[in-house]
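Asks: Handing you a structure now.
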Amino acid sequence: MRILLMGHPNVGKSVVFNRITGANVTESNYPGTTVDYEKGYVRIGHEEMEVIDVPGTFSLEPKDKAEEVAVKMLERNKDSVVVCIIDSTKIERGLYLALEIIERGSRVVVALNMWDIAEDKNINIDVEKLRQILGVPVVPTIAVSGEGIKELVSRISGATSVKIESVMKNVGGS
Amino acid sequence: MEKKLSEMKYGAQGIVKSIKGDLRNKVAGMGIRVNKRIRMATKQPIKGPVVVTVDESNISLGLGIAENIIVEVEK
């Protein structure tokens, strides 16, 4: 099984990648560090899984080369689990992408990364409610310190795909 | 007062009123949508891009895009 790490540029995909696989790809503090993709492996239970660090993309309508790579990766790996990494301090933008990925029918796990920075900025996110609305696992993470990564990995094998209509229904009902 | 995003002054704030049809999806991924609060951060001279702040993050938009976003500017 394949795991795709997707998210906006500069949300920490590569840091999460390194944490999960123990690899050492370049991390830097500016967006657009990953323009090609990286591959690594992780063993969950008895299964060896391939993890792919996808270049950052704002949406699934590509506007540049790196985004094209990202969208193609998703299209070619329809049966993979997508870990959608969101910058908790800019959660709205991230959720837009997450919904787009859910809409395409992929199995999704949402990682709310940079959770510590969001706390510093007094941004409170109701994780439980988000979980209910989206119907997919939502895990707060701090990739630079490794917090939440174990839980994130443990949620991957249980991920299921969700119908966008049911997400819409949950939003309307709350 | 309604203005094109490209005509906003430095530091001006406002609420996005409308976005021209096909642009809507393009800018949605960057966090710009109708009813969102937006602030002009920088404007580059000679038809250069504009930088706006939405939800704590800066986004630079080409003039062609900025001209097609209408903002209700606050005094």
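Asks: Given a 1.4 Å probe, show me the residues in the stretch B:41-65 buried by at least 10 Å² of accessible surface when comparing the whole protein assembly to the chain alone.
Replies: Correct list: B:55, B:56, B:57.
Asks: Let me ask something else about it. Is the C-alpha gyration tensor of chain A telling us rounded, prolate or oblate? Criteria: a/c under 1.5 is rounded; beyond that, a/b larger than b/c is prolate, otherwise oblate. Don't skip to the end; give the middle numbers.
Replies: Details: a/c = 1.26, a/b = 1.16, b/c = 1.08.
Because its axes are fairly even, with a/c under 1.5, chain A counts as rounded.
Asks: Another question, then. Would you grab the residues whose amide H sits under 5 Å from the one on residue A:106? Only those 5+ places off in sequence or on another chain, please, with H modelled 1.01 Å from N.
Replies: Correct list: empty.
Asks: Averaged per residue, what accessible surface does the protein assembly as shown expose to a 1.4 Å probe, in Å²? Kindly include the intermediate steps, with their values, before the conclusion.
Replies: Numbers: 12690 Å² over 249 residues.
Using a 1.4 Å probe on heavy atoms only, each residue of the protein assembly as shown averages 51 Å².
Asks: With the full set of protein chains in place, find how many percent of the accessible area of the stretch A:24-174 is carbon and sulfur; take the probe as 1.4 Å. Let's see the in-between values first.
Replies: Values: 3850 of 7850 Å².
Carbon and sulfur atoms account for 49 percent of the accessible area of the stretch A:24-174.
Asks: A further question on this structure: Considering only the protein assembly as shown, what is the antiparallel percent among its DSSP beta bridges, to the nearest 5?
Replies: Values: 29 of 48 bridges.
The antiparallel fraction comes to roughly 60 percent.
Asks: What accessible area, summed over both chains, is buried at the B-A interface (1.4 Å probe, Å², nearest 100)?
Replies: Numbers: alone 4660 and 8990 Å², together 12690 Å².
What B and A bury together is about 1000 Å².
Asks: Express the relative contact order of the stretch A:1-153 as a whole percentage, based on alpha carbon pairs under 8 Å and six or more residues apart in sequence. Each step should come with its number before you reach the end.
Replies: Working: 297 pairs, mean separation 36.8, N = 153.
About 24 percent, as a whole number.
Asks: Only counting protein heavy atoms at a 1.4 Å probe, give the residues of the stretch B:1-33, ordered by number, whose accessible area falls by 40 Å² or more when the other protein chains are present relative to the chain alone.
Replies: B:25, B:26, B:29, B:30
Asks: Between residue A:75 and residue A:168, what's the calculated FRET efficiency when r is the beta-carbon distance and R0 is 25 Å? Round to 0.05. Each step should come with its number before you reach the end.
Replies: On the way: r = 23 Å, r/R0 = 0.93.
My answer for the efficiency is 0.60.
Asks: Can you tell me which lysines have their Cα less than 20 Å from the Cα of residue B:9? Leave out same-chain residues fewer than eight positions away.
Replies: Qualifying lysines at Cα under 20 Å: B:17, B:36, B:43, B:47, B:75.
Asks: Using +1 on the beta carbon of Lys and Arg, -1 on that of Asp and Glu, and nothing else charged, what's the dipole of chain A about the Cα centre, debye to 20? Present the calculation step by step, with values, prior to reporting the outcome.
Replies: On the way: 21 positive and 25 negative charges, 74 e Å.
My answer is approximately 360 debye.
Asks: Could you work out what % of the accessible surface of chain B is carbon and sulfur, using a 1.4 angstrom probe and leaving DNA, RNA and ligands out of the count? Working shown, then result.
Replies: Numbers: 2040 of 4180 Å².
That fraction is 49 percent.
Asks: Please compute the average number of Cβ atoms from other chains found within 10 Å of each residue's Cβ in peptide A:92-100. List each step's numbers first, then the result.
Replies: On the way: counts 5, 10, 2, 0, 6, 2, 0, 0, 3.
Per residue, the number of nearby Cβ atoms from other chains is 3 on average.
Asks: Among the aspartates and glutamates, which fall within straight-line cross-link reach of residue A:65, defined as a Cα-Cα distance under 18 Å, with same-chain neighbours fewer than 8 residues apart omitted?
Replies: Output for residue A:65: A:36, A:38, A:53, A:75.
Asks: Here's a follow-up. Search the structure for amide H atoms under 5 Å from the amide H of residue A:44, placed 1.01 Å from N in the peptide plane, and list their residues when 5 or more places away or on another chain.
Replies: Those lying under 5 Å, H to H, from residue A:44 are A:49.
Asks: Now for a separate question. Which whole-Hz couplings ³J(HN,Hα) result when phi for each residue of the stretch B:17-32 is put into the Karplus expression 6.51 cos²θ - 1.76 cosθ + 1.60, θ = phi - 60°, listed in order with x for Gly and Pro?
Replies: For the stretch B:17-32, the Karplus-derived couplings read 9, 8, 10, 4, x, 6, 6, 3, 5, 5, 8, 4, x, 9, x, 9 Hz, x marking Gly and Pro.
Asks: Next question, about the same structure. Sort B:56-66, A:75-85 for me by packing, meaning the mean count of neighbouring Cβ atoms within 10 Å per residue, highest on top. Kindly include the intermediate steps, with their values, before the conclusion.
Replies: Numbers: B:56-66: 15.8, A:75-85: 19.9.
Descending mean neighbour count gives A:75-85, B:56-66.
The values are calculated or read from the model by the stated rules, or taken from the named source; none is laboratory data. Note that the structure is predicted; figures quoted are calculated from it, not measured. Backbone-built Cβ (ideal geometry, glycine too); neighbour counts: all protein chains shown. Quick note on the areas: whole protein, heavy atoms, side chains included, nothing else; ligands and nucleic acids left out. Shrake-Rupley method; radii C 1.70, N 1.55, O 1.52, S 1.80 Å.
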